[in-house]
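Structure, as structure tokens:
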Amino acid sequence: MKKPLHPATIAAHAAGALDPQSGGVVPALQPSTTFLRDEDYALVRPDNIYSRDNSDNLRQAEAVIRALEHAQDTLLFPSGMAAIAAVFRALPNRATAIVQSGIYWGTTAWVRDFCARREISLIEVPAADLITTCQGQAADLVLIETPSNPWLLTVDIAAVKAATKGLLLVDGTAATPILTRALDHGADIVMHSATKAINGHSDVLAGVLSTAAPETGVWQAIKADRKMAGAILGPFEAWLLTRAMRTLPLRVERMSQNALALAQHLMAHEAVADVFYPGLPHHSGHDIALRQMQGGFGSLLSVLVKGGRTDALRVTGKLDLFLRATSLGGVESLVEHRHTIEPHTGIPENLIRVSTGIEHIADLIADWDQALA
Ligand SMILES: *Cc1c(COP(=O)(O)O)cnc(C)c1O
């Protein structure tokens, strides 16, 4: 057997995607929604019928993520939220779900609404209490997010898996499949908003689910629902994603180096009260991150400036290179004042969430220094 390839090699080669028809070293973009049958009414390509089921471009992008995740099956969706929703929709009515609190606000808001409508009993638990809750309470589904957005808390995936008999769904968006392969740590399904670092160029909205156990009933239900209900990624987005992922390991490596250097610099700055980043030794999730993350701690950090709301907004307003915009994981650095977006969830008013891009670190540090001065 051939030696398994390294992630950088798999990504650079787009898991072997080529264009056999033209001989191109890049796969063709095929936008057709429907596919031919021959004179005997047999499909010209048995795997291509109609593009709500599948398409070559979708399969190419899924093959890259499947290999990077050590998964057996991978499904792309038109957004990260569509991927999360697909898992919850596979739950029976009146199921029980344990969901980590203080995670991506869009997830919390949608899950609360959905569970109420389906009479699913929803137990929201802080990261620190997940293991005891899972040990004491039977659940059909457990959803964790590590590192969490925007608190940057880390959760021990293997320990949660050992504490529950329920399906373990891990949102690994901030870690990417490069820094944490959640399936190797025991996750049943790993989800990413591919809109973030997986695409990394702030120009594709996409979500993805992967599993090491594609024969399970829940995975088959998710797969059937994607096809029948039509929550599928279009071929152009899939093609862009395949192209972007060629540099995923490179981008994640540089973003993580930049984020760590910036976190260390800001932690030592007199105008900064605290920095949440799993790579900093004083951070509560550092030990788990050391065990569970490889090659870096990701691009996301949160900075608590000294003072309150007006001080945080003044600093974000003075930043030049860090664009004031939501989202994370792109090549360009972004900042967001999360309290403005979710004023009711306990986010500190002096917190600035930072997504570190691939710019030169000296420029990024200089920008923060002038904004904090
Ligand atoms: C952005 C994000 C999502 C939602 O993904 P979309 O692609 O925006 O639908 C879910 N979880 C986390 C951690 C995110 O950052």
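What the table below lists for this structure:
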quantity	calculated
Loop sites in the stretch 2-93: trypsin sites (Lys or Arg not before Pro), DSSP, at most 10 other Cβ within 10 Å	K2
Pairs from K196/K223; K161/K223; K196/K318; K196/K227 whose Cα-Cα separation, in the structure shown, is over 27 Å	none
About the Cα centre, charge dipole magnitude for the chain (Lys/Arg +1, Asp/Glu -1 at Cβ), debye	300 debye
Under-5 Å amide H pairs with L167, H placed in peptide plane, nonlocal only	L141, V142
Electrostatic dipole magnitude of the stretch 273-373 [Cβ: Lys, Arg +1; Asp, Glu -1; Cα centre; debye, to 20]	240 debye
Neighbour-limited loop hits for chymotrypsin sites (Phe, Trp or Tyr not before Pro), the stretch 21-98 (at most 15 other Cβ within 10 Å; DSSP other than H, G, I, E, B)	Y41
Dipole of the chain, positive direction: furthest Cα of I358, A175, P348, with charges on the beta-carbon	A175
Distant-in-sequence amide H partners of E124 (H built 1.01 Å from N, under 5 Å)	V99
Listed residue (T164, H192, H286) projecting farthest to the positive dipole end of the chain, Cβ model	T164
Using alpha-carbon coordinates, inclination of helix 361-372 to the longest axis of the chain, degrees	50 degrees
Surface per residue (accessible, 1.4 Å probe) for the chain, Å²	43 Å²
Cα-based convex hull, the stretch 248-372, per residue volume (Å³, whole number)	100 Å³
Options V272, A82, L241, ranked by Cα towards positive dipole end of the chain, top entry (Cβ charges)	A82
Backbone N under 16 Å from the D363 label point (7 Å along Cα→Cβ), restricted to the stretch 321-335	321-324, 330-335
Span from the the stretch 142-220 Cα centroid across to the the stretch 299-339 one, whole angstrom	25 Å
Amide H contacts under 5 Å for N149, placed H, 5+ residues apart	Y104
Percent carbon-and-sulfur accessible area, the chain, ignoring ligands, DNA and RNA, probe 1.4 Å	57 percent
Theoretical FRET efficiency, 1/(1+(r/R0)^6), r = Cβ-Cβ of D19 and R117, R0 45 Å, to 0.05	0.50
Cα point-scatterer Debye curve for the chain, base-10 log of I(q)/I(0) at q = 0.06, 0.13, 0.15 Å⁻¹	-0.23, -1.05, -1.33
In degrees, nearest ten, helix 105-117 long axis to first principal axis of the chain (Cα)	60 degrees
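The values are calculated or read from the model by the stated rules, or taken from the named source; none is laboratory data. All of these numbers come straight from a predicted model, not from anything done at the bench. Counting neighbours? That spans all protein chains shown, and the Cβs are built from the backbone with ideal geometry, glycine included. The accessibility values were calculated without ligands, DNA or RNA, using every heavy atom of the protein model including side chains. Shrake-Rupley method; radii C 1.70, N 1.55, O 1.52, S 1.80 Å.
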